[in-house]
Amino acid sequence: MAAMSIWFRLGDFVSRVSSTAVTSLVESIRSIFATNPELRQRVAFSVAMIALSAKMAKADGVVTQREVAAFQEIFEIPDEEARNVSRLYNLAKQDIAGFDAYARQMAALCGSGKPNCALLEDILDGLFHIAKADGYIHERELTLLAEVASIFEIDGLHFERILARHTFGAESDPYRVLGVPSDMPFSEIRRAYRRIVAENHPDKLIGRGVPEEFVAIATTRLAAINAAFEMIERRQVHA
C-alpha cells in the first residue's frame, strides 16, 4: 500500500507543475509532508529518480526501450498513475533547469556535510542501472553520473566502487568492487565483505526511505558484491 500512496500523492503534485518549474516539486513535497517524514522521503526519492533519469536520457540523446524497461524494473507504477509519471518524466526533460539543480535538491535529503550518504548512493545506483540498460554506459552518461556523484559528495574512490559494481565481469578487478587493497589478508577481506553485505541488505534500503520497489536494485548490487568475493575466494584456493 505504501507504493500506491506514493504514486497517488505524486500524481496530485504533477498536475500542478509547469514545464519550467519541475524543481519546485521538491519544495512542495517538503512542505506538504512536513508531518510525515517517512512518506516525504519516499516521494522525494521517487521524484529524484524520475527527474534525474530524464536528464540522463538527454545525455546520450536517445531514450531506448531498454532504458524504459530498466526504469520500470525500479518502479512498479500503477496503471492509473502511469500518465502522471510519464508527464513528470517529459517535463523534467524539457525543464530549463539543468540536472545539477535536481542533484543539489536531492543532496539535501541527507543534509549538508555528509559524504558518501547511503541514500544518495541508492539514487546513483538506480541511475547506473538505467544507463547500462542498453548494454554499455555512454561516455556522456558516465560524465553526468560522475558530476552527480560529486554534487552528492560521493568521493572518487567510492564512485569507482559503484562503477566497478555496474561494469563487473570476468575481466574485472574484484578488489575494486569491495573497495579493498589486493594485498589485504584474506581474513580481513572476508570481514569487509560481510560488513558490506550487511550494509547493503534490502531491509537497510527500505529503512532509510527507499521505496520497496527499489529492492530489485539492492539485489543486483548484492549479486555483484557476492560475485566479486567469490572471484577473490577462488584465487585464494588456487594460489
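Tell me, Kirkwood radius of the range 110-179 from alpha-carbon pair distances, in Å? Show your work: numbers first, answer last.
Working: mean 1/r = 0.0803 Å⁻¹.
Here the Kirkwood hydrodynamic radius works out to 12.5 Å.
So which lysines pass the test for residue 93, namely a Cα distance under 17 Å, with those fewer than 8 places away in the same chain ruled out?
55, 58
Among 138, 129, 166, rank each residue by its count of other Cβ atoms within 10 Å, from fewest to most, as a rough exposure measure.
138, 166, 129
Can you tell me the length gained on complete extension of the stretch residue 116 to residue 86, counting 0.36 nm per residue apart and subtracting the Cα distance?
Extra length available between residue 116 and residue 86 comes to 7.8 nm.
Mind sorting 197, 210, 85 by how few other Cβ atoms lie within 10 Å of their own Cβ, fewest first? Before the final figure, lay out each step's value.
Working: 197 14, 210 25, 85 19.
Starting with the residue having the fewest Cβ neighbours, the order is 197, 85, 210.
Contour minus end-to-end for residue 199 and residue 187, with contour as 0.36 nm per residue of separation and end-to-end as the Cα-Cα distance?
Between residue 199 and residue 187, full extension yields 2.5 nm more.
Using the 10 angstrom Cβ neighbour count as an exposure proxy, how do 187, 172 rank, fewest first?
Going from sparsest to densest Cβ surroundings: 187, 172.
Using only the alpha carbon atoms of the range 84-239, find the Kirkwood hydrodynamic radius as the inverse mean reciprocal pair distance, in angstroms to one decimal. Mind dumping the intermediate values first?
Values: mean 1/r = 0.0594 Å⁻¹.
Across the range 84-239, the inverse of the average 1/r is 16.8 Å.
Pop out the ³J(HN,Hα) list for the range 174-185 in order, Karplus 6.51 cos²θ - 1.76 cosθ + 1.60 with θ = phi - 60°, rounded to Hz; leave Gly and Pro as x.
Once rounded to whole Hz, the list reads x, 5, 5, 4, 7, x, 10, x, 5, 9, 5, x.
Read-outs throughout are calculated quantities, based only on the coordinates presented, and are distinct from any laboratory measurement. Because the structure is a prediction, the values reported are computed rather than measured. Heads up, the Cβs are rebuilt from the backbone with ideal geometry, glycines too, and the neighbour counts pull from every protein chain shown.
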